[in-house]
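Here the structure comes first, spelled out in structure tokens, and everything after it is commentary.
The values are calculated or read from the model by the stated rules, or taken from the named source; none is laboratory data. The shown structure was predicted, so the numbers you read here are calculated from the model rather than taken from an experiment. Here Cβ is always computed from backbone atoms with ideal geometry, including for glycine, and neighbour counts include all displayed protein chains. We work out accessible area using only protein heavy atoms, side chains counted, and drop any ligands, DNA or RNA first. Shrake-Rupley method; radii C 1.70, N 1.55, O 1.52, S 1.80 Å.
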Amino acid sequence: MNDNSLTTEQLAARWDVTTETLARWRTEAIGPPFFKLVDRRVKYRLEDIELYESESMRTSTADNARIPSNDLRLAAQRERAAAAAQGASA
């Protein structure tokens, strides 16, 4: 079977960042979507990585447009937090 996903270590090497940076980004909803396997390993689909890289392209340092995939992830994260807060106050 062809595994079209990267581990945290592989993505860290691809982007020349530390695995700790990727872990922090995951908690802050930065970067491409990821999934956790049963054994708690984190993996990233190659298609999501390539889409994130494509969306991150800029033509100048003044170009500070938001990255759409991050906006969607942050919106989903806010909705989950609001739902959890409602459930806790009920």
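Computed quantities for the displayed model
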read-out	value
Residues of the range 27-50 satisfying the condition of being in a helix (DSSP H, G or I) and in contact with a helix residue (DSSP H, G or I) (Cβ under 9 Å, 6 or more places away or on another chain)	48, 49
Cβ-Cβ under 7 Å pairs, at least 6 apart or on other chains, the range 25-41 side under 18 Å from residue 15 (Cα atoms) and open to solvent by less than 80 Å² (accessible area, probe 1.4 Å), far side in a loop (DSSP other than H, G, I, E, B) and small (Gly, Ala, Ser)	25/31
